[in-house]
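The values are calculated or read from the model by the stated rules, or taken from the named source; none is laboratory data. This is a predicted model, so every value here is computed, not measured. We place every Cβ from the backbone using ideal geometry, glycine too, and count neighbours over all the protein chains shown. Just so you know, the surface numbers come from the protein's heavy atoms only, side chains and all, with ligands and any DNA or RNA stripped out. Shrake-Rupley method; radii C 1.70, N 1.55, O 1.52, S 1.80 Å.
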Protein chains: 2
Amino acid sequence: MNGPAERPAPDAPRRGRGRPSRREADAGPGAREQILRAARDEFAARGYDKTSVRGIAKAAGVDSALVHHYFGTKDDLFAAAIEVSLGPALAVPAVLEGGPEGVGERLVRYFLSVWENPATRVPLLATLRSALTNEMAAAVLRGFVGRVLLERVAGDLRVSNPKFRAELAASQLVGLAVLRHVVKVEPLASADPEEIVRMVAPTVQRYLTEE
Amino acid sequence: MNGPAERPAPDAPRRGRGRPSRREADAGPGAREQILRAARDEFAARGYDKTSVRGIAKAAGVDSALVHHYFGTKDDLFAAAIEVSLGPALAVPAVLEGGPEGVGERLVRYFLSVWENPATRVPLLATLRSALTNEMAAAVLRGFVGRVLLERVAGDLRVSNPKFRAELAASQLVGLAVLRHVVKVEPLASADPEEIVRMVAPTVQRYLTEE
C-alpha cells in the first residue's frame, strides 16, 4: 500500500480498498470526489443490482475508464460509496466524549438528528437497505461497525463486554430507524423526538454504562 | 366480502385481500396452500422484483391462471405471502399473557427462539428485506403491525401511550435481528441467547410496563 496511514475525512475522496494506488494526477482533482458522490447517489436511488459503472460515470460526467482507474470494480466503488454514506457515524466517538453521565441521551439525540435530516438520512437508508439485501454491503457495514463502533467506542466503555454492549446500543438505534423511517409505523413515525429520547436514552445509557 | 370473519391459522391458505372470493371449489383443496407456500419461498429467495406469477405457478405445479384466480395480482399474492411469513408474530399476544411480571423476558426469549429456527427465520428475514426495499411490502408490514402488535398487544398494556410503547419494544427486537442475523456483527452474532435475554429483557420490560 502506498496510501497514507491516516483515515481521510468522510467526504474526502479515498483510495480503492486494498489495491495499490495508480497514477492519480491525470484527471482534475475533483474527479474522484465527483465520481464518489455520483456513486453514492446512484446506488442510493437504484440499489446495487440496477446500478452500473457506466451509469455512475455518466452521472459524474467522466469516462467509465476513469471510474475503473480510480476505484477498480463495481464492488470496490460500492464499498467506497457506503463508507461515504456512513460518514455521520464517524462523529459518534466525539458524541460519546464527555464521560458516562448522560451518554445515552447524547447518543440518542445525535442519532435522531442524523435521521431527521434528509441529507444524511437518504444515504444511510440506502446503506441499510443495501446491507439487508446484499452480502457484499453487509460485509462493508460489518467492517465499518468493527472499526468505528467497536474499536473507537467500546475502547472507552468501562463495563464488561464493551463490544457486546456497544452493539446492543446500536441494535436499539437501528431498530428505531427501521420502524420510524422505513416501515413508518404510527405513532412512532410521527412521535416527537423528545418523547423518543425520554424513553430510549435510559436503554442506551444502561447498555453502555451499567453492569 | 363473502369470506369468513375468523382470522385463519397462520399456515392456512387465505383469501385475497379485499376482493370478493370467486368460485374456490374448482381445484384441489391443497392448491391454494401450495401456491401460497411456493409464493413465500419464491419471494424469499428472489425478492419481489425478480419473482413472477409464472415462476410461482411453476413451483407450485399449477397453471398461472389458477394463481390469478385465487390471489389476484402479484401484489395481492405478495401481501398474502408476507402475512404467512409473519405467522410467528401471531403468537405474541399469547406470549404476553400471564401478566406484566417477566413479560420482557418471555417476549425476548420467544423472539430469539423464532430467529434461531431456520424454518421461521428465513421467511421473516425475507419479509424484513422486502419491507426495507419495497414500499408495498412496507405497507403490508405496517398493516400487520397495526393489527397484531397494536390492537392485540397494546390493548393489554397498562401504561400511558401503549401503542408507542409496544413499538419501542418492537424496535429493540427488530434491531437485534438486523445486527445479529443480517449484518452479523460480532460478538453479537455469536452471543449466547441467555446473555442477550439478560441484557435486553429489562429494556422490553421497561417499555411495556414502566412509566
Do you know which residues across region B:154-177 are closer than 23 Å to A:E194 by Cβ, at the interface with another protein chain (Cβ under 8 Å from one of its Cβ atoms) and aliphatic (A, V, I, L, M)?
B:L168, B:A170, B:V174
Of (1) in contact with a Lys or Arg (Cβ under 7 Å, 6 or more places away or on another chain); (2) free of Cβ contacts under 8 Å to residues at least 40 places away in the same chain, B:A79 satisfies all except one. Which?
(2)
Starting from region B:125-150, keep only residues that are under 12 Å from A:T133 (Cβ atoms) and open to solvent by 30 Å² or more (accessible area, probe 1.4 Å), then list their pairs with residues that are assigned to a helix (DSSP H, G or I) and among the charged types (D, E, K, R) whose Cβ atoms are within a distance under 6 Å, requiring at least 6 positions of separation or different chains.
B:T133/A:R129
Filtered residue count, region B:180-197, keeping only those that are in a helix (DSSP H, G or I), within 7 Å of another protein chain (Cβ to nearest Cβ) and open to solvent by 10 Å² or more (accessible area, probe 1.4 Å)
0
Quick one: count up the residues across region B:38-58 that are touching a residue at least 40 places away in the same chain (Cβ under 8 Å) and basic (K, R).
1
Restricting region B:68-88 to residues that are part of a helix (DSSP H, G or I) and among the small types (G, A, S), the one surrounded by the fewest Cβ atoms within 10 Å (Cβ to Cβ) turns out to be B:G87
How many residues, within region A:198-208, are within 10 Å of chain B (Cβ to nearest Cβ), touching a residue at least 40 places away in the same chain (Cβ under 8 Å) and among the aliphatic types (A, V, I, L, M)?
2
State all residues of region B:151-179 that are open to solvent by 20 Å² or more (accessible area, probe 1.4 Å), free of Cβ contacts under 8 Å to residues at least 60 places away in the same chain and among the charged types (D, E, K, R); if no residue qualifies, say none.
B:E151, B:R158, B:K163
Taking region B:29-60 and keeping residues outside any helix (DSSP H, G or I) and under 23 Å from B:G87 (Cβ atoms) leaves B:P29, B:G30, B:T51
Among the residues of region A:89-121, how many are in contact with a His (Cβ under 7 Å, 6 or more places away or on another chain) and open to solvent by 40 Å² or more (accessible area, probe 1.4 Å)?
1
Among the residues of region B:106-153, which ones are facing another protein chain (nearest Cβ under 9 Å) and touching an Asp or Glu at 6+ places or on another chain (Cβ under 9 Å)?
B:T133, B:R142, B:V145, B:G146, B:L149, B:L150
I'd like the residue in region B:198-211 that is part of a helix (DSSP H, G or I) and of a type in the set (D, E, K, R) and, out of all such residues, is surrounded by the most Cβ atoms within 10 Å (Cβ to Cβ).
B:R206
